[in-house]
Amino acid sequence: MRYLVTLSVNWSLPFNEKIQVAEGIKSLTPEAFRQLHESSIKDPATFWAKVGSELDWFRKWDTPLDNSNPPFYKWFAGGELNASYLCVDRHAKSWRRDKVAFYWEGEPWEKSGPKDRRTLTYADLYREVNRVAYLLRSRYDIQRGDVIGIYLPMIPELPILMLAAARIGAAFTVVFSGFSSDALADRFNDSNVKLVVTADSGWRRGAVTPLKPVVDTALAHVKSVRHVLVVRRSGLNVEMHSGRDEWWDEALSHVSSGAKVEPEKMKSEDTLYILYTSGTTGKPKGQVHDTGGYLTLLHATMRWVFDARDEDVYWCAADIGWVTGHSYIVFGPLLEGVTSVMYEGAPDYPSPDRWASIIERYGVTLYYTSPTAIRSFMKLGDEWVKGHDLSSVRLMHSVGEPINPAAYRWFSSLVGKPRIPFGSTWWMTETGGIMISHVPGVGMIPMKPGTNGMPIPGIKAEVFDEQGKPQKPGERGYLVIQDPWPGMPVTIYKDPERFKQVYFSRFKGAFYSGDYAVKDEDGYFWVLGRSDEVIKVAGHRLGTYELESALVQHPAVAEAAVVGRPDEVKGEVPVAFVILRQAKAPSEELRRELNLWVREKVGPVAALSAVYFVSKLPKTRSAKIMRRVVSAVVSDRDVGDTTTLEDGASVDEVRRAYAELAEEVKESRVHSAT
Ligand code: WT7
């Protein structure tokens, strides 16, 4: 199977395969959509002001876009609002009060079905968010502007906490529960967190995964944390430090069920949250998201991309530890008063049809998932799915990585109606919400398996060549966003210089995404993958540099290079090339040890798929590792003539380096170590 994720020059895209969406959804020709889009980007600030005015503001803005200090834009400057008020109070005080906000399902399974289920209506959510807000303020003295660190599994306490923090104007930073104590410590130190909220453990594929002990290890290196609040999930016996740690249920038992906290009047540009992303250096970047612009983008995309309506049951199968969950499990659906499914565990536990049973059980109508999930279902075969009635689904999207046409076709025919809207929404942690996508809520252009569609209204995106000129149709280039948009990051936390340098220095006046893309003759965008040292493993973003710096901290390792290798299911997996220190001999044991080492330093999310011991790595004259060469070797590709991009290396040099490395890899016969 071939994927679009590779950076091979020989990629071929099925540009011409077009699927007209089924009746019942408004369809548009590409030309008609382009016209509509043109008019939306003539004056984006005015366009977005109309969308923004659909939210309930405590105070209307003075200007929709303050662009006096680029690239530090302020959306809806002067406006005041509160995310918790918008997501909870509005609905709890309307006819939606008894409408279900979340159907939560835990992972553990009994013969008769899921063991743990909870249903939260908007009224329940209102009560719990108020109580937690009250607790945060009265017991832990959390004030406007403080940062709360969150390390929780997918349980209802997580969205409740995020909303409670937003209610009192505290920012939060969620760390995905697949990250290790080192990663936690780095992030909590950088954002100076005052309170940490975690759980004893989480459930994953039937196993209890301890969380509180990871926090304990991390906090040995974090000075700012005064309290740790611990949710009981599995009942795992964990150590509680007296004076610092408290159980969530015990602390809350002192708060009355009628406790109320007035939502703070937040400025539009005030921070809602900080979320760390991997980049090309070892230090993760704290993406700071504002309140007014961010919520405006979510409101728009929930309606345009998901066409969310009151009668829908929506399921975004991501983890809240990543941006997809922040935007499309918590804030987006709740803003719209939607009923969502929230599922705690693995989609294939205890059997490969768990995900299908969830769709059937709740009658999911809108389904948002990842290409990795789809490919893993595909690998397990149709039989698992056929016994389930999936006919409730009326719209699907995937996110996180390119979707290969084969997986696209398989999934769209399987879920019953091959012509329901099914897109691949492109965006990033940085963008806050969806940027390039089909928009069934506005009008659907014909689908093409594997494409991302076109930029949504109000978003001006382009594919640039090296010089920053629009690339010719069909030619690969760099994906950029040309105008400020609501939802864009405010800055990198405590590092505005890096913010400018990473995103706004490559091309003048445009946001540089770091992705390769191609635009076809019809104006459809196809995002191909990262152009930098970031890899997407099962849709999760990892900086290869983070893995390399973990490796070189091991006493046996002199140098290391990590690259992504195409993988049938996960899209990419990390593969390490290691040069050992003198006197250290390669062995199976060392290979296992290095793998464990990386898992421990970065987290289970970073499991290496293979470790190759080599004697040297291909480098340019400026001593940069030629990643293109390394990655060509692991994916069995010729390096071709991609050398123009190769910092000062000649074609011959690259070829020689490739041949040498390939030879070593062959000789070492050490494929797939784990
Ligand atoms: C990177 C951002 C934003 C949701 C989760 C990922 C890749 C994301 C697609 C897509 C092709 C995609 C890009 C991007 N990506 N969606 N539909 N098609 N590639 O957020 O972890 O910040 O990763 O994910 O490479 O740069 P993230």
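For the range 571-616, filtered to residues that are touching a residue at least 24 places away in the same chain (Cβ under 8 Å), in a loop (DSSP other than H, G, I, E, B) and of a type in the set (Ser, Thr, Tyr), the residue that is surrounded by the most Cβ atoms within 10 Å (Cβ to Cβ) is 609.
Scanning the range 391-411 for residues that are of a type in the set (A, V, I, L, M) and open to solvent by 10 Å² or more (accessible area, probe 1.4 Å), we see that the one that is nearest to the ligand (Cβ to nearest atom) is 399. Where strands (runs of 3 or more DSSP E) fall entirely within the range 221-305, those with at least 2 residues that are away from the ligand (no atom under 16 Å from the Cβ) are at 227-231, 245-247.
Hey, does the range 358-377 have a residue that's modelled with pLDDT of 95 or more, at negative phi, open to solvent by 40 Å² or more (accessible area, probe 1.4 Å) and not aliphatic (A, V, I, L, M)? There is at least one residue in the range 358-377 that is modelled with pLDDT of 95 or more, at negative phi, open to solvent by 40 Å² or more (accessible area, probe 1.4 Å) and not aliphatic (A, V, I, L, M).
What residue, among those in the range 232-249 that are without any contact (Cβ under 8 Å) to a residue 12 or more places away in the chain and open to solvent by less than 100 Å² (accessible area, probe 1.4 Å), is farthest from residue 198 (Cα to Cα)? So, considering only residues that are without any contact (Cβ under 8 Å) to a residue 12 or more places away in the chain and open to solvent by less than 100 Å² (accessible area, probe 1.4 Å), the one farthest from residue 198 (Cα to Cα) is 243.
Looking across the range 294-338, just one residue is open to solvent by 10 Å² or more (accessible area, probe 1.4 Å) and among the polar types (S, T, N, Q), and that is 324.
Of the residues making up the range 282-293, one or more are surrounded by fewer than 19 Cβ atoms within 10 Å (Cβ to Cβ) and touching a residue at least 60 places away in the same chain (Cβ under 8 Å).
Checked against the criterion of being over 24 Å from the mean Cα position of the chain (by Cα), away from the ligand (no atom under 16 Å from the Cβ), assigned to a loop (DSSP other than H, G, I, E, B) and under 28 Å from residue 349 (Cα atoms), the range 443-454 contains not a single residue that satisfies it. Residues in the range 516-538 that are touching a Ser or Thr at 6+ places or on another chain (Cβ under 6 Å) and open to solvent by 20 Å² or more (accessible area, probe 1.4 Å) were compared, and the one that is modelled with the highest pLDDT is 538.
Among the residues making up the range 40-97, those that are without any contact (Cβ under 8 Å) to a residue 60 or more places away in the chain, open to solvent by 60 Å² or more (accessible area, probe 1.4 Å) and closer than 21 Å to residue 163 by Cβ are 56, 93, 95, 97. Within the range 323-371, if we keep just the residues that are among the hydroxyl-bearing types (Ser, Thr, Tyr) and within 16 Å of the ligand (Cβ to nearest atom), the residue that is farthest from residue 431 (Cα to Cα) turns out to be 367.
The values are calculated or read from the model by the stated rules, or taken from the named source; none is laboratory data. Predicted model, so just to flag it, every value in this text is computed and none were measured. All Cβ positions, glycine included, derive from the backbone under ideal geometry; neighbour counts span all protein chains shown. Heavy atoms of the whole protein, side chains included, go into the accessibility calculation; ligands, DNA and RNA do not. Shrake-Rupley method; radii C 1.70, N 1.55, O 1.52, S 1.80 Å.
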